[in-house]
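Structure record follows, encoded as structure tokens.
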Ligand code: FCA
């Protein structure tokens, strides 16, 4: 099996992370508090994310900080990449006098444990992005949640891929879908299922839909998954690519390049729109055609604001809030990112 060429994509990733970090006011450390509480009874909120290195989560923090300044409240940013870190962080947060937590958990199965801890410590809780899963394997619909309309956004990816396929005059016989999947996470599964269903309806035969499961939800994990698939399917002429987020799709794009698939023979569409900026900025186009930009502002600012109002004024937020996505491409990404406050 061909190994992930760590040097190239990681330097690209680092560049993107640093560029974004430079644009943001937040740090990237595992936990940072700003500003300190000024008086007794002041509101203090934690914002815990599972992958603090992803630009998406740094942007959520950036918007949470804006809410912290506007309300105002004290914000504790916590990066917790595994369950143990997440549970310890909740204990520390409670001990530090916080009254609430917004959380994108590193493991959705931790839901019941997180709820129990939050209850014991009287922390109000909003889960963001990844919905808690109960002991019965079902989503914990009783826990407040703000997430994307995952299936719809996946369907939009599928529609865009279908129209690009048509525009390029590719036939179903010489085209196939590479879906970089991560079915362990419900929101990720809904995204790739949505894209695959739309492509089937658009005439791509079921046997031309290839699923490439990621072992880890990052660029190297996606690279390995795509590379395995490309080794098994050397005769596909045109590739459509979808995945659960930008990094999943970027890993596949790097794998296609590594196997010498020409840029004009592949079209890949990500989700997030925040982790692919460096890719879209490249002077020479790659097969990364575009991404469904999600609203980091809704996920970072709105969740924090809802939690603040709940703590301070007793206004309970809706149990479920869903957000939408907007297609960005090399043509419009600068303007849309500016409009959405992602870039200056
Ligand atoms: C999940 C993904 C992130 C982002 C978020 C909205 O947590 O891992 O990249 O897409 O949903």
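The values are calculated or read from the model by the stated rules, or taken from the named source; none is laboratory data. All figures in this text were calculated on a predicted structure; none of them were measured in a lab. Using ideal geometry, Cβ is built from the backbone for each residue, glycine included, and neighbour counts are taken over all protein chains shown.
For the stretch 226-249, what are the residues that are within 15 Å of the ligand (Cβ to nearest atom) and over 19 Å from residue 151 (Cβ atoms)?
247 - this is the single residue of the stretch 226-249 that is within 15 Å of the ligand (Cβ to nearest atom) and over 19 Å from residue 151 (Cβ atoms).
Of all residues in the stretch 221-245, which are in contact (Cβ under 8 Å) with a residue 60 or more places away in the chain and buried (at least 24 other Cβ atoms within 10 Å of the Cβ)?
223, 239, 240, 241, 242, 243, 244, 245
If I filter the stretch 328-338 for residues that are outside any loop (DSSP other than H, G, I, E, B) and under 17 Å from residue 129 (Cβ atoms), do I get at least one hit?
Scanning the stretch 328-338, I find no residue that is outside any loop (DSSP other than H, G, I, E, B) and under 17 Å from residue 129 (Cβ atoms), so the answer is no.
Being assigned to a strand (DSSP E or B), free of Cβ contacts under 8 Å to residues at least 40 places away in the same chain and away from the ligand (no atom under 16 Å from the Cβ), is that true of even one residue in the stretch 146-165?
Checked against the condition, which is being assigned to a strand (DSSP E or B), free of Cβ contacts under 8 Å to residues at least 40 places away in the same chain and away from the ligand (no atom under 16 Å from the Cβ), the stretch 146-165 yields no hits at all.
I need the helices (runs of 4 or more DSSP H) fully contained in the stretch 1-104, keeping only those with at least 3 residues that are modelled with pLDDT of 95 or more.
Helices (runs of 4 or more DSSP H) meeting the threshold: 55-70, 83-95.
For the structure I just gave you, tell me whether residue 191 is within 19 Å of the chain's Cα centre (by Cα) and either within 30 Å of residue 92 (Cα to Cα) or free of Cβ contacts under 8 Å to residues at least 24 places away in the same chain (or both).
Spelling it out, it is not the case that residue 191 is within 19 Å of the chain's Cα centre (by Cα) and either within 30 Å of residue 92 (Cα to Cα) or free of Cβ contacts under 8 Å to residues at least 24 places away in the same chain (or both).
Which condition does residue 114 not pass, out of (1) touching a strand residue (DSSP E or B) at 6+ places or on another chain (Cβ under 9 Å); (2) away from the ligand (no atom under 16 Å from the Cβ); (3) more than 30 Å from residue 276 (Cα to Cα), if it passes all the others?
(2)
Take residue 136 and decide whether it is in contact (Cβ under 8 Å) with a residue 40 or more places away in the chain, over 18 Å from residue 259 (Cβ atoms), in the same structural domain as residue 105 (by TED's automatic domain parsing) and part of a loop (DSSP other than H, G, I, E, B).
Judged against the criteria, residue 136 is not a match.
Which residue, of 184, 207, is within 30 Å of residue 109 (Cα to Cα) and surrounded by fewer than 22 Cβ atoms within 10 Å (Cβ to Cβ)?
184
If I filter the stretch 299-322 down to residues being buried (at least 19 other Cβ atoms within 10 Å of the Cβ) and within 16 Å of the ligand (Cβ to nearest atom), which single residue comes out as nearest to residue 59 (Cα to Cα)?
300
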